[in-house]
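Accompanying notes for the structure given below.
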Amino acid sequence: MGGRASLRNLATSQLRNLATSQLRNFATLTMPSITITLQREKCIGCNYCAEHAPEFFRMSKKDGKSNLLLSAEKRGFHTVRTPRAEALEGLESAARSCPVKIIKVSLNKR
């Protein structure tokens, strides 16, 4: 009888682990992310982006231009991705308020 019980426990444990793993994979696949891109060289230093989305933008004390926090720069474009869907409204507001239209926000559905 002990053999059956341990086999059942093993099977139950494996099923539980598989279900947890599948749920984790499903959440990762279905969770949208946001990509933010800034063309920093064209920034005029108006500060609107930092007002609308302060958790993503800071104004540089050196040159007065906007910095996209934690971004990677490639050919003049500073880009960062975030899974924080609640930040979308502030980021879109920052992009709309930019007078030189150098902020791009896109929602990536996986």
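The values are calculated or read from the model by the stated rules, or taken from the named source; none is laboratory data. Worth saying up front: this structure is predicted, and the values here are computed from it rather than measured. Ideal geometry is used to build each Cβ from the backbone, glycine not excepted, and the neighbour counts take in all protein chains shown. Each accessible area value is taken on the protein alone, full model and side chains, heavy atoms only, with ligands, DNA and RNA left out. Shrake-Rupley method; radii C 1.70, N 1.55, O 1.52, S 1.80 Å.
Of the strands (runs of 3 or more DSSP E) lying entirely inside segment 69-110, those carrying at least 1 residues that are under 11 Å from the mean Cα position of the chain (by Cα) and among the β-branched types (Val, Ile, Thr) are 77-82, 103-108.
Tell me, please, whether a residue that is open to solvent by 90 Å² or more (accessible area, probe 1.4 Å), of a type in the set (Lys, Arg) and closer than 26 Å to Lys109 by Cβ can be found in segment 44-62. Steps first, answer last, please.
Taking segment 44-62 and keeping what is open to solvent by 90 Å² or more (accessible area, probe 1.4 Å), we get 44, 48, 51, 58, 61-62.
Of the ones still in play, those that are also of a type in the set (Lys, Arg) are 58, 61-62.
With the extra rule that they be closer than 26 Å to Lys109 by Cβ, the set shrinks to none.
Checked against the condition, which is being open to solvent by 90 Å² or more (accessible area, probe 1.4 Å), of a type in the set (Lys, Arg) and closer than 26 Å to Lys109 by Cβ, segment 44-62 yields no hits at all.
Taking every residue in segment 96-110 that is farther than 17 Å from Thr79 by Cα and pairing it with any residue that is assigned to a loop (DSSP other than H, G, I, E, B) and open to solvent by 100 Å² or more (accessible area, probe 1.4 Å), at least 6 positions away or on another chain, the pairs with Cβ-Cβ distances below 8 Å are Pro99/Ile44; Val100/Ile44.
Taking Ala85, is it open to solvent by 50 Å² or more (accessible area, probe 1.4 Å), among the small types (Gly, Ala, Ser) and within 17 Å of Pro32 (Cα to Cα)? Give the derivation first.
On the way: open to solvent by 50 Å² or more (accessible area, probe 1.4 Å): yes; among the small types (Gly, Ala, Ser): yes; within 17 Å of Pro32 (Cα to Cα): yes.
Yes: the conditions hold for Ala85.
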